Amino acid sequence: RLKTKLQLYMSNEKQCWFASSRFVEPMPLKLSPVALGSSFLPNSSLQFGAGARKLHAEGNGPKSSPAAAPDRLPFSRVTQEDLAFFKKILPGRTITDPDLLESSNVDWLKSVKGSSEVMLRPQTTEDVSQILSYCNSRNLAVNPQGGNTGLTGGSVPVYDEIILSTALMNKILAFDSISGILTCQAGCVLENLSLYLEKRDHIMPLDLGAKGSCQIGGNVATNAGGLRLLRYGSLHGTVLGLEVVLADGRVLDCLTTLRKDNTGYDLKQLFIGSEGTLGVITAVSILCPRRPTSVNVVFLGCETFEQLLKTFQLCRGMLGEILSAFEFLDSECMRLLNTHLRLPNPISDCPFYVVIETSGSDPSHDGEKLHNFLEEAMACSLVNDGTVATEETKIKALWSMRERVTEALTHDGFTYKYDISLPVERIYQLVTDMRERLGDRAKSVVGYGHIGDGNLHLNITSPAKDPALLAAIEPFVYEWTASCQGSISAEHGLGLKKRNYIYYSKNPQTVALMGNIKAMLDPKGILNPYKTLPDNLK
């Protein structure tokens, strides 16, 4: 038994809610164990992992890792005649200076580096159409690039592909304040869209830690999830229309602003999450919620993951329609935040931390619901300590404890990142099993993510890139995920690094159909080659 105090502060920063409680250890949740080892996959998962395991077993010489780049495909190389054409249609926007190209050739994690010698910066859909039409005729490979914040190597060239940057396609085309529908070009930075909408009493339906750099086109192309998915759903639901340029330069205009349209196939869905392999998104129409007038953020500490799950259950039941986010991080994440970013823990040390956000329109109503939830959480001995904020500066400070974990990891060494969907009750077991498996071979093994939608971010660091450590992590992490019928990529996409692991989450028939769609829309394979689909796809 442990006597603790929970102190929660409201917007006037005066203590207005205080409780002390004698905690009784709750009954643990019953979790079915996962047998560990090389042959622990259930029968239902065997077909999903067979293709990827074969790649691990066979290898291909010095590039035996399924995440390694395949051999360069027989695309044409850029000539002086090609550059002359590009400079003619994009005067001043055809970049060949190696110093300017350097940052666009390297991904955010600095784990993948291409060797592109030209970057094109179109401003209009017509520009993109001319570029792709020409590249298709010349068999020149193209790497579409937004904010270059991807984490699986999907946003940078593998070899010398032409970089097609959407950075200058940053115009807001229309906003309907009655329906809340925003139409904009693909290169608009997410944070800029959020600021634009806030002045009009609306918000974007997604929020990401990389919002200051990432672009809406890239968000859609990777089907980014983020911090608000629990409340507003995925981009498959909030994106109403897209404008896409196909590989041969044809413009597919599906830029509708209708909430309901049941005439034929919903083609835009093909491009949401396609990672630039089927077409280049040039414009987006998206449904934006009204800006909430009452926002609270709670930062709580839990003694066990079982308590955290019970807190989530209680939270969903008592906060209901005002619940907009439920995130978690473990004590290892907090250690990295303290060590590398000097961010102090806002509460006492705990094994697990929770960030809860409520969004509504009535401060008194929301405050009462939150008060009742916190009292019940205390009475049930689910939380050890916590704090709450309603002022914007304090809200941002609490959110930074979750949003800046990725940044803290970059200072801890070479990072192996895994973005996994699992049944909620199994999420943290993978972190525990990985720690036991790796022991002191890893510098840090941390877990954080979106409890509300079953998304774990498992991150493992080492002082430097370590092939032996990677061999201990993979394919174990993917086999473990497949055993729970989870997904090996919840929101980051497959990109270059995970393309050959797709069979752990999709059966061969499904992957083959994906290949058929790719062949139909991009028969020469010029769009973002070496990404998303596996090497052994026929």
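The values are calculated or read from the model by the stated rules, or taken from the named source; none is laboratory data. The structure displayed is predicted, hence computed values, not measured ones. No Cβ is skipped: glycine too gets one built from the backbone with ideal geometry, and neighbour counts run over all protein chains shown. Calculation scope for accessible area: heavy atoms of the full protein, side chains included, ligands and nucleic acids excluded. Shrake-Rupley method; radii C 1.70, N 1.55, O 1.52, S 1.80 Å.
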- Provide the solvent-accessible area of LYS506, counting protein heavy atoms only and rolling a 1.4 Å probe, rounded to the nearest 10 Å². 80
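I want the antiparallel fraction of DSSP beta bridges within the chain, as a percent rounded to 5. Walk me through the numbers on the way to the answer.
Numbers: 72 of 80 bridges.
The antiparallel fraction comes to roughly 90 percent.
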- Query: Within region 313-417, which GluC sites (Glu not before Pro) sit in a loop by DSSP and count at most 15 neighbouring Cβ atoms inside 10 Å?
  - Reply: GLU391
- Query: Can you list the residues, at least 5 places off or on another chain, whose amide H is less than 5 Å from the amide H of ALA283, using H built in the peptide plane?
  - Reply: ALA186, GLU243
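Can you pull out the trypsin sites (Lys or Arg not before Pro) in region 230-336 whose DSSP state is coil and whose Cβ has at most 10 other Cβ atoms within 10 Å?
On the way: sites: ARG231, ARG250, ARG259, LYS260, LYS268, ARG290, LYS310, ARG316, ARG335; in loops: ARG250, ARG259, LYS260.
When the trypsin sites (Lys or Arg not before Pro) of region 230-336 are filtered for loop state and at most 10 Cβ neighbours within 10 Å, ARG259, LYS260 remain.
For region 172-287, what is the per residue volume of the convex hull drawn over the alpha-carbon atoms, in cubic angstrom? Before the final figure, lay out the partial values.
Values: hull volume 11.5 nm³, N = 116.
It is 99 Å³ per residue.
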- Query: Hey, if we sort ARG72, ARG437 by accessible area with the 1.4 Å probe, largest down, what's the order?
  - Reply: ARG437, ARG72
- Cleavage-rule hits, trypsin sites (Lys or Arg not before Pro), region 339-412, DSSP coil, Cβ neighbours within 10 Å at most 15: ARG342
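Roughly how many Å² is the accessible area per residue of the chain, as a whole number, for a 1.4 Å probe? Could the numbers behind the result be given before it?
Numbers: 23100 Å² over 538 residues.
With all protein chains present, the chain gives 43 Å² per residue.
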- Alpha carbon centroid spacing (whole Å) that separates region 125-163 from region 450-518: 24
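Quantify, in whole percent, the carbon and sulfur part of the accessible surface of the chain (1.4 Å probe; protein heavy atoms only). The partial results should precede the final answer.
Values: 11900 of 23100 Å².
Summing carbon and sulfur atoms, their accessible area is 52 percent of the total for the chain.
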- Filter the cross-link list LYS87/LYS199; LYS199/LYS369; LYS199/LYS260 down to pairs whose alpha-carbon distance in this structure exceeds 30 Å. LYS87/LYS199
- Match the structure shown to one of the listed values (i) 99, 77, 37; (ii) 97, 75, 40; (iii) 76, 56, 47 of Cα extents along the principal axes in Å, computed from it, and give that label. (iii)
